[in-house]
Each structure stands twice: as C-alpha cells, then as structure tokens.
Amino acid sequence: MDNLELEVINILRELGIPAHIKGYRYIIAAVKYLRKNPNSIYHVIKELYPEAGKSCGEEKVNRVERGIRHAISLASSDDDTWLKVLDRVGPMPNGEFLAALDETIRIKMASNPDKSEGAHP
C-alpha cells in the first residue's frame, strides 16, 4: 500500500464512508487512475469508471458509478466534516467528489514532501 492509497483511505474514513462497500474500493481505484491520468476527470463515464472497475474486477460501468454514488451517500451528512476534509459542502456528484478528493490529496502531498506518491512509510 502506497502513500497515495493511505491518503485516500484516511479521507474516506474522515468522511465516514464504510470500507466494506464496493464503492469504497472503486473510489480508491479511481483516484489512483486519476493521479496517473488527470484528464480522465473530463471523461468520467468513458474512461475513469471503466478503468476503476477494471482494477476491481468489475466490467459494468453502471455498477462502478452506482457504487461510488452509494459510498458518497453513506458519508457524513455533517457539512462541517465535508468542509474540514474536502473544503466543500457535500454530498456532491461523483465527478465533483473525485475531483475534490484528488485536489485535496495533491495539496496534502505537495505540502508534505515526505509523502511522495510511490514511497512507503
């Protein structure tokens, strides 16, 4: 497990998204793909969902989309938590959530040079 995955997991935990649902894994896979292919945020349905699904063994894009939407819906309903974690009020649409999550992680990792993407703790 690399630092990128740990950052995503920490944020999902802060938001109260449970680890036992499929959407949790899809979000992690989507952010990992998004880090390598930043422009995929503009092609969520055609590129990001299929790649996240592929890495999780899911072929159907609609299941990935629904899983991520379900995970977001289970997150904390407390606006203060969303503001503290993602600097936005949630819940929000999948693409916006993934973009905000990616941006938050980029900022955290840039402000902490010890947490380079591929480095292990």
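The values are calculated or read from the model by the stated rules, or taken from the named source; none is laboratory data. These numbers were taken from a predicted model, which means no experiment stands behind them. Note that we place each Cβ from the backbone using ideal geometry, even for glycine, and neighbour counts take in every protein chain shown.
Key figures
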| quantity | calculated |
| --- | --- |
| Qualifying residue in the range 47-63 (condition: without any contact (Cβ under 8 Å) to a residue 40 or more places away in the chain and basic (Lys, Arg)) | yes |
| Tabulated pairs, the range 1-27, first under 12 Å from ALA75 (Cα atoms), second acidic (Asp, Glu), C-beta under 9 angstrom, 6+ apart or interchain | GLY16/ASP78 |
| Criterion violated by GLY57 - all others in (1) within 13 Å of the chain's Cα centre (by Cα); (2) farther than 14 Å from ALA71 by Cα; (3) surrounded by fewer than 21 Cβ atoms within 10 Å (Cβ to Cβ) satisfied | (1) |
| Filtered residues of the range 70-82 (kept if exposed (fewer than 15 other Cβ atoms within 10 Å of the Cβ) and either modelled with pLDDT of 95 or more or within 16 Å of the chain's Cα centre (by Cα) (or both)) | SER73 |
| Any hit, the range 28-42, residues being over 19 Å from LEU4 (Cα atoms), part of a helix (DSSP H, G or I) and of a type outside the set (Phe, Trp, Tyr) | no |
| LYS60 being basic (Lys, Arg) and more than 24 Å from ASP2 (Cα to Cα) | yes |
| Those residues of the range 56-69 which are over 15 Å from ARG13 (Cα atoms) and not in a loop (DSSP other than H, G, I, E, B), in sequence order | VAL61, ASN62, ARG63, VAL64, GLU65, ARG66, GLY67, ARG69 |
| Unique match (being farther than 18 Å from GLY95 by Cβ and part of a helix (DSSP H, G or I)) among LEU6, LEU12 | LEU6 |
